[in-house]
Structure formats: C-alpha cells, structure tokens
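Okay, so here's the structure we're looking at.
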Amino acid sequence: MIRIQTDPPSSQVVFSIHQWAHLIDDLRPVWAGIREVYNRHQRRHFATEGASTGTPWPGQSAPTVPIVPGHGPYDEYKRRRAPGQPVLVFTGKLRRAATGGAGSLRRETAKSMELGVDQSAVPYAAGHHRGAAVESVLFGRKVQLKKRPIIRFTGSILGDKSIFDRREDKTTFGYAVRQLVQAHVVRARRESFDLDTTAADATIARILRTDTR
C-alpha cells in the first residue's frame, strides 16, 4: 500500500498494489523509486505554482491582501523580505517539506509506505492546503488563507484505466507509479530465474526521468 497525504489525513490518496505485492517480499526498492517520482512531481508542482497539476495557485490580490503590522501589505512585505520567491514560498520551509526534504512525512515498511507533509513540523501546511483560517504570528491575528493544494492528486492525476490501456494519459502521476511497480515486479521475477533485467531496468530509469502531472 502507498499512502500519500498532507497531514492531517483529510487529503490523502491510497494506492493499493495488493495484486502485485505478494510477488515481492520486500517492496522497499519500489518505495525508493516512487519517492523519487513523487519528489520530482512535487518540485514541478511548486516550480509552476500549481499549474503542472491543474489550476494555478491564486496569488494575493486586493482587497484581500492582509496587512503586516508595521510593514504594510503582505505582498509588498514579501517582495522586500523574499524577493523573487514564488507563491507559497517565503523561507522555503513548506516547499522543502512537500518535496521530500526537512519536514516531510515518510514512513515505510516492507509492504507499505506513507509520504506527505509532517503537520508537527509545518503546522500551517494544512491551512494552505484547505484554504482555512489560521492564527498567524506574523499578522498577530487569525487570517484566511487561500486554498492552494500543496500535494495535488485528482482523478486525472491518478488515472482510472488499466496500465495496459493504450488510451490512458501516460503523463499522470498514477500511471507512472503503476508502471514503476510493474517494472520492479518484472525485474524481481526475472532476477529470481537469473534472467536478463536490462529491459526492466531501462523502464525504471525512463520513469524516473519523466515529468508527471
């Protein structure tokens, strides 16, 4: 099982791979590849301010731009303190947590893996993800955050067809994950019979280089 979530777990997707899991005793090599695909997906998600996975994140706009006490409107404050930084990036802490760095959530066993953002490390992550009202030290009051999904998985990203269906959009994250798992299964089975694994290795390498949406 692969669980990818923003903690708390209201925004999570679970990939069940039970149909293949019994073919590999230890899935941790698979998890390593999926983490790489996930982190690449998330880096692109942040670099494009959400556009690579769907509707771009909204920026600040009058008259909803909050005022930072003693510093004026937040958008002007950010331009002075963090020039050139994109939406949802000020210190970079949230982006690091959402792309597999410090503050990320990672738990795994031989048969399951969980990825996401650790709410205890980045307590405001869920507020941005949901578009909630949160208490802000910077503003000295509760502020309403705009909804900007930090980790976006929709039906179009997950895919809803068989990996053998030629009509499926092969740019989706879900398709890449399923292809990666299948390639690892093929590799493990061929290796167990001392057969050549070159084709499976090439498929894995290709998937790890592919941008997903």
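Where a number appears in this text, it was derived from the coordinates with a stated rule and is not lab data. The shown structure was predicted, so the numbers you read here are calculated from the model rather than taken from an experiment. For neighbour counting, all protein chains shown are included, and Cβ atoms are generated from backbone atoms with ideal geometry for every residue, glycine included.
Just a few scattered comments:
- Ranked by the mean number of other Cβ atoms within 10 Å of their residues, highest first, the peptides 95-101, 75-81 fall in the order 95-101, 75-81.
- Distant-in-sequence amide contacts of I150, defined by a placed amide H-H separation under 5 Å and a gap of 5 or more residues or a different chain, comprise H129.
- A compact globular protein would have a Cα radius of gyration near 2.2 N^0.38 Å; the ratio found for segment 91-138 is 1.29.
- Estimated vicinal HN-Hα couplings, Hz - segment 145-153 in sequence order (Karplus 6.51, -1.76, 1.60; Gly, Pro = x): 8, 7, 6, 9, x, 6, 10, 10, 10
- Per-residue packing, averaged as other Cβ atoms within 10 Å, sorts the ranges 120-128, 134-142 into the order 120-128, 134-142, beginning with the highest.
- Under Karplus coefficients 6.51, -1.76 and 1.60, residue-wise ³J(HN,Hα) of segment 37-49 in Hz, glycine/proline x: 5, 4, 5, 5, 4, 5, 4, 5, 4, 6, 4, 9, 6
- Amide H to amide H distances under 5 Å link V68 with Y74, where only residues 5 or more positions off or on other chains count and H is placed in the peptide plane.
- With both labels modelled 7 Å from their Cα along Cα-to-Cβ, the R80 to A102 distance reads 2.6 nm.
- Taking Lys and Arg as +1 and Asp and Glu as -1, the other residues whose beta-carbon sits under 15 Å from that of P83 total +2.
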